[in-house]
Amino acid sequence: MATYTRNRLLGAAALCAATALGVTGVTAGSAAAVDAPSKIRGDYNGDGYVDLAVGVPSATVDGKAEAGYVNVVWGGASGLGKHGSTTVSQSTAGVPGTAEAGDGFGYAVASDDMNGDGYSDLVVGAPDEDTTVGLSVGTVAVVWGGAGGLKGGFTAANGNFDSSRYGAQLATGDFDKDGDNDIAFNAHFDESSSVRMRPGPFTAGSPATLERVAGWHFAGSTALASGDFDGDGGDDLAVSYNGMEISGTTVMNRASGEWKETWRTSDRTNTSLATGDFDGDGTTDLAVGNVQPNPETEQTHCEDRLGGAILTVYGKKDGALGDGGTACTTQSSPEVGGTAEADDNFGAHLAADDLDGNGGAELIVGADAEAVGTARNAGTYWTLASAGAGKPFTGPAVSQNTAGVAGTAEADDH
């Protein structure tokens with residue numbers, strides 16, 4: 001279950017700005033030691049400040065092209081970027097596996113306390129990892145957080161077929177309500193795909209049995225997200241999927257001991273999900289990004305889709321996802337900056353956090369194909385606030401041409 005903190009996504013924006021300016025060097029930072037961990041999600045050294053983990057799966061490691069690493073920027077009293085950073089790869093001592101060309105370590109990353117010690121741990125997917133079983137079987141690893149930073153690791157799952165690509169998508173949460181956090185991830189098998197769960201705890205000798213959450217023929221998952229949508233104390237799993245003749249987003253719940261579908265839409269998205277308590281009522285809500293028409297069904301939650309639409313589905317305590325209502329947001333919505341145009345990809349990228357500390361999460365929205373002036377595909381983002389169920393979110397658009405933002409909007413910046 002996510003713990004929202006106000007500076008996590010602000011730090012992410014700062015890092016993206018640094019990347020746009022060409023700041024690519026990695027500095028060796030140190031993690032500040034603490035007496036007791038903060039238990040904040042994303043705080044790998046327990047000092048009370050959220051750290052930022054960014055996967056760089058195309059990075060060269062020890063001369064191995066696209067072996068991949070995760071860049072971890074340490075948070076602190078002065079914010080992200082002021083307290084150093086470090087990299088974690090399969091060449092890092094104690095991290096499972098060996099850095100090899102094309103592994104894609106860091107393709108997906110997630111954070112949660114996976115061993116119950118109070119420190120947030122780093123969960124990393126390497127979907128193109130080769131093993132003796134086959135090529136691109138994929139692997140999911142946990143790198144342990146602690147007072148000294150990220151050290152050591154644990155293999156949570158290894159793929160068991162050629163091109164099974166374990167770890168291309170990840171989500172964490174206590175799905176089975178046993179007090180231990182679990183990992184959900186994708187799995188591909190020839191003409192079918194599924195989402196699987198590796199239950200916690202992630203300790204030596206713990207059972208490595210995988211559970212099947214959901215599956216499809218000629219289709220596969222495209223995004224995963226977790227949250228407690230019904231306020232029952234356990235996490236639910238949202239899965240977007242897409243295929244030849246089927247697509248949509250489903251929410252699965254395991255509170256009864258078996259995985260059951262509790263909500264579904266046939267609106268299709270290929271890219272993004274985000275969860276947060278957008279209306280501040282204490283239950284988690286779901287945002288589905290860049291929803292598009294589904295030619296196989298007439299069902300839709302968002303009639304206006306020009307340039308991309310975001311469907312928000314509100315949770316309700318002692319109810320189900322959707323019992324709190326729904327809302328659709330586009331660039332044509334009142335008090336949303338910008339102008340809706342075809343192929344903007346509004347909502348192609350989503351994140352959520354309580355940035356202003358008011359108890360409700362804001363929704364950060366990216367449109368990587370948005371034109372800025374005459375610069376095509378320059379890209380824009382929005383920080384949007386909920387106006388309540390049934391009402392679109394509101395907020396301004398920000399680009400590299402916005403006052404105070406570093407750089408200049410140029411074609412294909414995305």
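Every number in this text was worked out from the coordinates using simple rules, so none of it is lab data. Predicted model only: the values in this text are computed from it and were never measured. Heads up, the Cβs are rebuilt from the backbone with ideal geometry, glycines too, and the neighbour counts pull from every protein chain shown.
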Candidate lysines - alpha carbon under 27 Å from Lys316, same-chain residues fewer than 8 apart omitted: Lys39, Lys177, Lys260, Lys391
Full-extension gain in nm, Ser332 to Val54, via 0.36 nm per residue minus C-alpha separation: 96.9 nm
Amide proton proximity set for Gly48, modelled H, under 5 Å, gap of 5+: Ser38
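Stretched out fully, how many nm does the piece from Ala65 to Thr262 gain, at 0.36 nm a residue minus the Cα gap? Each step should come with its number before you reach the end.
Working: separation 197, 0.36 × 197 = 70.92 nm, distance 4.26 nm.
Once the chain is fully extended between Ala65 and Thr262, it gains 66.7 nm.
If we count other beta carbons within 10 Å of each Cβ, what is the order of Leu311, Leu286, fewest first? Mind dumping the intermediate values first?
Details: Leu311 22, Leu286 27.
The most exposed by this proxy come first: Leu311, Leu286.
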Alpha carbon convex hull of region 223-414, projected area averaged over orientations, nm²: 11.2 nm²
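What's the Kirkwood radius of the chain in Å, using all Cα pairs? Don't jump to the answer; show the numbers that get you there.
On the way: mean 1/r = 0.0464 Å⁻¹.
Over the chain, the inverse of the mean reciprocal pair distance is 21.5 Å.
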Residue order, fewest to most surrounding Cβ atoms within 10 angstrom, among Thr131, Thr330: Thr131, Thr330
